[in-house]
Structures are given as structure tokens and as C-alpha cells.
Amino acid sequence: MSSEKEKILVLDFGGQYDMLIARRVRELHVFSEVVPYDSVTVDDIRNGGYSGIIFTGGPNSVEDEGSPRCDREVLSLGIPVLGICYGHQLMAYLEGGRIVGSAGGEYGKVELISSGKGIFKDVPEKSICWMSHNDVVKDVPEGFSVTAETADCACAAMVNEKRKLYGVQFHPEVTHTQFGKTILKNFVFDVCGCKGERTTEDIVSSTVSECREKIGDGRALCALSGGVDSSVAAALLNRAIGDRLICVFVDHGLLRKDEAELVENTFRPILGDNFIRVNAAERFLKRLKGVTEPEKKRKIIGEEFIRTFEDVSHKLGRVDYLVQGTIYPDVIESGKGDASTIKSHHNVGGLPSVIDFDGIIEPLRMLFKDEVRSVGRCLSLPPELIERQPFPGPGLAIRVLGEVTEEKLSVLREADAVFREEMIKGGQNEKAAQYFAVLTDSKSVGVKGDARSYGLTVVLRAVTTDDFMTAEFARVPYEILEKASNRITDQISGVTRVVYDITGKPPATVEWE
Ligand code: XMP
């Protein structure tokens, strides 16, 4: 658990929006961490220095056997609690209220009538909230009163003011709830008494001293990809231990066109001999031969990365620590406790269980992407670097669907370079948060010259998003897509078809694998 001055515990019961809750709280400049309900004890919570607790939503019915439940005592620690959706029902259940299934449930935007008091301060009597539930609190527990309702939900919110226990059936963390931020702010500031004084400088100085303490007079090897996260991690560690930090850039042969040179040209001048480039394409491609399953690819790449770093470490006379740029969404999306695994991020779930370092240091492990960027700015990293699009650790291996081969990689590299060029030329670079090409494993019939061709299908993907947890497809002008498509089919032999991905996240993810 962290040593932050003010912090809110988000107790995770398996809801879809848990990370968003923590983000919203952090937007108020208060630290917040998501912890699976069954990975902490009542004593951990009592002694954890929390100013408040938020119970998340979740897919279960509280009354069902085996449903996730925390100890009732959590509600009696004197720490304010806000239950959201399932968390609201759980609070009612633990306190002796009655929960029942409702006919058909409530989903989507719903009119909320609320009291204007307590956590509803500055919320108009009528506003819009986002609902997603089947069950409802039918009878509130003793000592509680109802503070909001909707047409189909008589207890859309409840409170026991004396004990600082609050429940809301709707989701204040999603942007569709008009006054969601106000409600969370009222809870965090008025009820929990937080002041919201957490600054980026605090994050930098506490991280630097934690890393310094952990590494002592040892050395650390930083896995540097040239992306925002690993660059910021390297800058933090550089501040902590100076030239006892060695940065290793692995060219695994899965990089975009000209990427390796760009990274080398950026970092070599800054780090000098402490920047080491390893050309490991052959090694990675050999291990990926014949592998088609995305999770398997990720695991192999994760493991090969570590083995490559170990080799470098041994050549350098064994380095004590490995530094990685893992960020908070990577940690949560790789699956903890009840949260189901979406993808094993190569730098989290893909780690082999035995590694030859004294430990791994992940200075950004608790930070969201926007916080990482603020840290980068605070450390005076160049803006071009801080604003770079994310590029996944497994690289093009998860954008070449099916087996990864040199030939497919080379087609994808060219297609991706064309798309990037056209997006920049067309002034779309700042409009989309991330854009790239994917090479599918489906062939389709086309006509090139006057002859029938049967060739590859390339997908273009561009998304807009703040946090990469949810995303929309970018409304890229047709003219730009047309230019990219024409150039790809004209210039890259073997490609007969180009399609544009118009799926959001959810239900899709940003990457295809
Ligand atoms: P998804 O596909 O999960 O991607 O919606 C969300 C963001 O994360 C990036 N991504 C990764 N980054 N290692 C990384 O460092 C990975 O294994 C990985 N997988 C996805 C993705 O590019 C997007 O920005």
C-alpha cells in the first residue's frame, strides 16, 4: 500500500468501471488505489491510512451464494464509505436491508431526482444519471434514509449521515452521469475531509526517494523502448541514481519503420555509453515461429525481453534491479483478483516467474497515462517525447494477426508508415490519440491491372481517447483514408484490400490482439 498523505481505497467487487472511479478521484488531486475486495483484511484497511472507501459495482447479486462480500466491520471503522451500484446493494445487505431483483432492470441514461444535500450538494433536483443494474435496494437498513430516486428505482441513493455511509445505485464515475464529478467531489472533500493537495512534484519526489532507498548503492537496468512510459521511468531513475542507471533498448524486430534509429538518435546523445542497443530480432522471431494465439505471443515476448535483459546484465557483471515502465492500467487490465484478464500486458502478465534480478522496479505502476505525462513534463522531457502515441511492448507482433513472419512484418511496416504519413499530412496527428495499421490473416479477391488477384487485407485503425480504457474510433476524413488506401494497394505488393475499423472500446480493444 502506498504512503500517500490522503488516499481513497477503491474496493473492487469486479465492476467494469473500477479504474474510472480511481481516475476520477485522482482528478481531484487525491490519491486512489483499486484493491480487490479479497486481497485486504479489515486490519489492512483500518491501518491503511485511508480517508475514505468506495465500494465498486460488480456483476453479481449480493444475495447469491459465493457473491463477493467484504467483512461487515469495514462499515464500522469510522472511515466514510460510498457504495456504487453493487457496492450500494452490498452496503444495504450487510446492514440488514433487503435487496430484490427488479423487473427488467435499468440501463442507460435515467432521470434522477435527488435531495440537493450531502453528496448531492450543487446537484439540481432533476439531473441525468447512468444506470446499469438488475437488483434494487427494496428496504433500506435501519438508520439509513433515501436521498434520490428514479422512476423505476425508489432507492437510487441512501445515506446514514451519522456513520458517513453513502450508497448510490447509479454510476457517478461515468461521464454520462451529468453531475457525477460533483457527487464524487462532495464525497471526497466534504465527507472524507480530503483537501486535494497532491501535486505532480509530490509524485516525483516521493517516487525518486522510494527508488533511491530501494536501490541503495546498487545499479539498475532500465528497459527503454522510447515510448512515453519507459522514457519517463528512465528519467525518474536517472534523477534517483544518476549514472548507476543503464538503459537498454531491445530491437526485437517488431518495431515500426525507422523506429529503432529514432530511439537511438534520441537517447544516445543524452545517455552516452549508458544507452545500450541490442539487436535481437532473430531471437524473438525464432521463438514466435508457428505461434498464432495472441496471449501466447505476448507471454513469449515478455519472457524473451527478460531473458535479453538478463543477458545484458550478465555481460555488465550483473545489475541488481530491472526497471520497467509499467503503468496502472497495464496492472489492472492484466487481471488482479476478481477483475478478469483482458490482455496480459507484456510487461506485467508476460513476466516469467524466475528472473535473475534482485527485484523489479516499476516507478509508474500506480500512475495513469495522463499522470505519467505530467511527471514527464515535470522532469523537463521534450514535449515530442511526452506526447508520443503509445506503442505496445509486443510491437507489431500483435498487429500481425496469426503467425508473425518477416514478410508479413515488412508489409505491415510499409502500410503503417503510409498511414502515419497521410495522417500527419492531413493534419490528423493531434486529433487521434493513436493510429496504426494492422495486417489481418484474411485474404480477399481483388483486381489489379486487368488480372484477378487474391491478396492481403490491411486494417487502418485510429482512435480518440483520454485514457485508453475506453475509446472511440476517430472520424478521420474520407479523403485521408482514400489516399492512404490508394497508396497502400498501389505501393505494397500483395495487398488487395484496405478497411477502416469503426469499433469503439468497448466492445473492441484498441489493439487487435
Ligand atoms: P488495448 O488494446 O488493451 O490497448 O485497448 C490500450 C492501450 O495499451 C496499449 N497496449 C500495450 N502497451 N504493452 C504495452 O506497453 C502491451 O502489451 C500492450 N497492449 C496494448 C495499446 O497500444 C493502447 O494504447
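Here, each number is a calculation from the coordinates, and none is a lab measurement. Everything quoted here is computed from the prediction, not taken from an experiment. Note that each Cβ is placed from the backbone with ideal geometry, even for glycine, and that neighbours are counted across all protein chains shown.
Key figures
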| quantity | calculated |
| --- | --- |
| Residues 262, 82 arranged by fewest to most Cβ contacts within 10 Å | 262, 82 |
| Under-5 Å amide H pairs with residue 32, H placed in peptide plane, nonlocal only | 8 |
| Estimated vicinal HN-Hα couplings, Hz - region 138-147 in sequence order (Karplus 6.51, -1.76, 1.60; Gly, Pro = x) | 7, 10, 6, x, 4, x, 9, 10, 7, 10 |
| Angle between the chain longest axis and helix 18-27 axis [Cα atoms, degrees, rounded to 10] | 90 |
| Alpha-carbon centroids, region 150-191 and region 364-407: separation in whole Å | 35 |
| Amide hydrogen neighbours beyond the local backbone of residue 278, cut-off 5 Å, H modeled | 249, 250, 251 |
| Residue order, fewest to most beta carbons within 10 Å, for 86, 328 | 328, 86 |
| Residue-wise HN-Hα coupling along region 51-57, computed from phi with Karplus coefficients 6.51, -1.76, 1.60 (Hz; x: Gly, Pro) | 7, x, 10, 10, 8, 7, x |
| Share of pairwise Cα separations in the chain, more than 42 Å, in percent | 27 |
| Those lysines that a straight Cα-Cα span of less than 18 Å connects to residue 297, excepting residues fewer than 8 apart in one chain | 286, 289, 343, 408 |
| Lys/Arg +1, Asp/Glu -1 at C-beta; the chain dipole; positive extreme among 216, 86, 284 | 284 |
| Ranked 252, 133, 314, criterion: other C-beta atoms within 10 Å, fewest first | 314, 133, 252 |
